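Chemist: First the structure, then my questions, so here it is.
Read the figures in this text as sums done on the coordinates, not as results from a lab. Quantities reported herein were computed from a predicted structural model and do not represent experimental measurements. Using ideal geometry, Cβ is built from the backbone for each residue, glycine included, and neighbour counts are taken over all protein chains shown.
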Amino acid sequence: GDTKLKEGVRVEGRFGTEHEWYSGTVTRVVSASDADGTAATYDVHYDDGDSEEGKVRRTLRLPGDQQRDELVVGETVDCFCDRAEGHILEGTITAVNKGQGKVEPTQASEADRAYEVRFVVHDEVVWETHTRDQIFGEW
């Protein structure tokens, strides 16, 4: 887990499937488990009174956190999903694209790089192409 995210730490979180960031405080940390491969999760109490349990790190940010420029095939991300009416859903990067052809990430600039993301929406597998600014990866 992220050693900076501890109980009592102030964060901003994306609530539910929204893209807005809300201020809050980490109220509990559930440590990662190497035994079953689960990631650490965080419970957050927001300043507006709402709370969420079991948030993953990519849904929370600390002051100064910046998203990485590049994502890799196989990475779990959160992304706007057109099929889910623009809500942000968990998905998996399945390809990195530049124009019509698939290329290595280092061969495409950030501006013209697009990512193919696999989602499961209402038990249906969906692939969509999105630009980096529509995708939240790990910090």
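Chemist: Using only the alpha carbons, work out the radius of gyration and Dmax of segment 9-61 in angstrom.
Modeler: Both quantities, over Cα of segment 9-61: 11.2, 36 Å.
Chemist: Where nothing but the Cβ of Lys and Arg (+1) and of Asp and Glu (-1) is charged, how large is the charge dipole of segment 1-90 around its Cα centre, in debye to the nearest 20?
Modeler: Charge dipole, segment 1-90, about its Cα centre: 320 debye, nearest 20.
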